[in-house]
Amino acid sequence: MLKIDNLHASVDGKPILKGISLAINAGEIHAIMGPNGSGKSTLSYVLAGRPGYEVTGGSVTFFPPLPLAGGAGGGPETASEAGPPLTQFQVNDAPHRSGQAGGLTDLKLASGRGIDLLALEPHERAALGIFLGFQYPVEIPGVSNVQFLRTALNAQRRARGEDELSAGDFLRLARQQADALGLDMEMMKRAVNVGFSGGEKKRNEMVQMGIIDPTLAILDETDSGLDIDALRVVGEGINRIMRKPDKAVLLITHYQRLLDLVRPDFVHVLAGGRIVRSGGPELALELEREGYGELAA
Amino acid sequence: MSLLELPSNRAEEWRWSDLSALPAYAEAAPTGVVPADLPWIDCEISGPRLLFVDGEFDAAGSDPRGVKVSPVRDRPGTQPLADLAGAEARAGYVIALGANGAASGLVQIVHVSTGGAAHLSNRIMLQANAQASVVETHVGTGWSNLTTAVELGDSARLMRVIRVLKDGGAHTDFAMASVGAGASYAGVALVTGADSARIEHDILISGAGAYAEAGGALLARGTQKLEGVTVLRHATPLGTSRQPWRSVADDRATCSVMAQVKVDRHAQKTDAEQSLKGLLLDRGAQINAKPELEIFADDVKCAHGATVGELDRNALFYLESRGVTPEEAKALLTRAFVADALDRIGEEAVRSACYADVDAWFSTSSLVPSEVEGRP
């Protein structure tokens, strides 16, 4: 679904990402862990297209999943992406040169459907199905959540050639998602994140994710600032919304606790702008036990 | 009109005005062509409707009910353009309500100016406890020059909304109001059209415990020059006043607001607030804000604020990362910015109409040539 190849990026001329390669397939949840300042948030912003985050090398290719076949009672198997499922992911010790297509054919993903993500504007990436959950959700006085999300959803639907959602249908969808995440519908009518507590802001991110129903969610420390109950609600939300054969998640986190709720298929350690180690869920436990010290060194 | 004596920019209260095009309008002949679709606001209870074309009452297009149309002449010589309007105007609208009277629904005045200079002189007189809501909407391409005298008796209430939605031309608007004890005057302007516009209020709080408000939203692009000017004088105790202005300037446009509060020596317990905020959508645009306080009483609360900024980049990215297009994101945030001024309009239908005007202003921006987008 997403192929990051030798990605380099700078902020204010300072190199932050120094050659990241990573492949995420449909149905997978990847966790990225790493010490403060290792480039985790930068990676999420670069993928979402934030202005000021300059890509200086490498490529990011997005492969939209194929539509479900016929819709005739397809089980989870039929919903997976075309082509053999992938179990490999690229790590930094096998870098691909930027601009070369070779890496793609290795991964059996080059079927002509790949989209150069870095060439797109943020809203175009969103319309492709990419969602960024913010570490610090922005407060927007004067714009209500409902107004914002309806505008966003309908802009995405227009971009995909779908019909816009009526006000009534949208409100039903919003209420359903707010209820599922324990956010009062009254808060959805208030200005975006204004007067929300830290935990409410994070819940609101998940409500937004539920309403937008993305294909690929990049969640930047969605667990930070949450109490134990809220963490469980958010973790269950991620599983409910995103744990599907045709979706994928890139989960950026510091803590094992969220990974107990949202079991990752792969764990990567980011340090100094590179992925220094990758492994299965057991890697997170090891990190929790031993810290980043040795890896980051 | 052979000789037009215009105020000079050297005078402080005219320093940001652009009156340069007025002499040409004074000489030009109007076309008299009235658009088929006039900007009447649909309300639950339809009230009086008055249509003026180039300063002349159009009886066929009007339903004045209780509102009279007659010459209004006894203008004090306070402001040169207002004096000109008083001298040149034929017949203006007169809303006169006796004690406890109320207008039968929203009073709507649509003024079309088709090319030349159109002068109008109006009067609103509400006696004790009377109440009215008035919306003036200005369209067309000429110069409309208005003066309106407002007198509010004790506990009378007036809401006056001025929408300037012209396709060009100039608009100069002067209102002099005196607000009696416990009475309330709320003047809200929304200016999206006109090459140049000046909305001016001179308000005297003449009775104890009165409320007065003058503010609005100025939305300018291209080379438009829009201006809000308020002098608000508290002459009696316990008065409250608000001046919420929101200016939005794009391209090479200029918005200017000059807001004055004067508190006389006996006007104790005055509560006055000025909030002049500007939003630059382009760094080539200009916003001027000048809050002024002149206070001679010692027990008052007077707050003033003036800020000019740009759209919050973080908010723009947040909206866009959810799929909102850059144009829509800009419009959403700008709409929220002017909401402080427009939300004060009590009548729902009028408020909605004003928001629709703001949305229309944004939808026409997509018709602006792409050089505006691509400019450094």
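The values are calculated or read from the model by the stated rules, or taken from the named source; none is laboratory data. As the structure is a prediction and not an experimental result, all values here were calculated from the model. All Cβ positions, even for glycine, are placed from backbone atoms using ideal geometry, and neighbour counts span all protein chains on display. Side chains are part of the model used for accessible areas, which takes the heavy atoms of the whole protein and leaves out ligands, DNA and RNA. Shrake-Rupley method; radii C 1.70, N 1.55, O 1.52, S 1.80 Å.
About the centre of its Cα atoms, the range B:270-338 shows a dipole size close to 380 debye [charges on the beta carbon of Lys, Arg (+1) and Asp, Glu (-1) only; nearest 20 debye].
In the range B:322-343, comparing the full protein assembly with the chain on its own, the residues that lose 10 Å² or more of accessible surface at a 1.4 Å probe are B:R322, B:G323, B:V324, B:T325, B:P326, B:E328, B:L332, B:L333, B:R335, B:A336. In chain B, the DSSP-assigned H stretches of four residues or longer account for a calculated mean residue ellipticity at 222 nm of -5000 deg cm²/dmol, using -39500 (n - 2.57) per stretch and the full residue count as denominator.
Counting other Cβ atoms within 10 Å of each Cβ, which trypsin sites (Lys or Arg not before Pro) in the range B:1-55 have at most 15 and sit in a DSSP loop?
In loop regions of the range B:1-55 (DSSP not H, G, I, E or B), the sparsely surrounded trypsin sites (Lys or Arg not before Pro) are B:R10, B:R15.
Residues of the range A:29-60 falling in the label zone of A:A119, defined by backbone nitrogen less than 14 Å from a point 7 Å along Cα to beta-carbon, are A:59-60.
Between B and A, buried accessible area from a 1.4 angstrom probe totals roughly 1900 Å², ignoring ligands, DNA and RNA.
Accessible surface calculations at 1.4 Å, restricted to protein heavy atoms, place the protein assembly as shown at 41 Å² per residue. Judged by the ratio a/c of the largest to the smallest principal axis of the C-alpha gyration tensor, the range B:55-153 counts as oblate, that ratio being 1.5 or greater while a/b is no larger than b/c.
Summary of the geometry: the range B:215-256 and the range A:116-140, compared by the centres of their Cα atoms, lie 36 Å apart. Here each label is just a point 7 Å from Cα along the line to Cβ, and for B:A24 and B:E348 those points are 4.5 nm apart. Considering only A:Y136, B:P39, B:V135, and ranking their Cα positions along the charge dipole of the protein assembly as shown that arises from unit charges at the beta-carbon of Lys, Arg, Asp and Glu, the one farthest toward the positive end is A:Y136. Taking a ≥ b ≥ c as the square roots of the eigenvalues of the Cα gyration tensor, the range B:16-311 is oblate, since a/c reaches 1.5 or more and a/b is not larger than b/c.
With K and R counted +1 and D and E -1, the other residues having a Cβ less than 15 Å from that of B:Y318 yield a net charge of 0. Once the Cβ-Cβ distance of B:E12 and B:A360 is raised to the sixth power relative to R0 = 30 Å, the FRET efficiency obtained is 0.30. The simple spin-label model puts a point 7 Å past each Cα toward its Cβ; for A:E164 and B:D312 those points are separated by 2.5 nm. When +1 charges are put on Lys and Arg Cβ atoms and -1 charges on Asp and Glu Cβ atoms, the dipole computed for the protein assembly as shown relative to its Cα centre reaches about 300 debye. Treating only the Cβ atoms of Lys and Arg (+1) and Asp and Glu (-1) as charged, compute the dipole magnitude of the range B:215-340 about its Cα centre; round to the nearest 20 debye. It comes to approximately 120 debye.
Positive-end ranking of B:V72, B:A259, B:W245 along the dipole of chain B, with charges on Cβ about the Cα centre, is headed by B:A259.
Between B:I124 and B:I95, B:A149, B:V150, B:E151, the built amide H atoms are under 5 Å apart, and every one of these is 5 or more places off in sequence or on another chain.
Anisotropy class assigned to the range B:186-237 is prolate, per the alpha carbon gyration tensor with a/c at or over the 1.5 cut-off and a/b larger than b/c. Computed from the Cα positions only, the extents of the protein assembly as shown along the three principal axes stand at 88, 54, 51 Å, in decreasing order. For the range B:16-311, what number of Lys pairs, 8 or more residues apart or on separate chains, have alpha-carbon atoms under 21 Å from each other? Close lysine pairs found across the range B:16-311: 10. Modelled this way, with points 7 Å down the Cα-to-C-beta line, the labels at B:E292 and A:D227 are 5.5 nm from one another. Between the DSSP loop rule and a limit of at most 16 other Cβ atoms within 10 Å, which trypsin sites (Lys or Arg not before Pro) in the range A:186-273 are left? For trypsin sites (Lys or Arg not before Pro) across the range A:186-273 that sit outside H, G, I, E and B with at most 16 neighbouring Cβ atoms in 10 Å, the list reads A:R190, A:R243.
Quick one: longest stretch of chain B between exposed loop chymotrypsin sites (Phe, Trp or Tyr not before Pro), exposed meaning at most 16 other C-beta atoms within 10 Å and loop per DSSP?
Answer - B:41-295.
Counting only protein heavy atoms and a probe of 1.4 Å, the accessible surface of the range B:7-95 is 51% carbon and sulfur.
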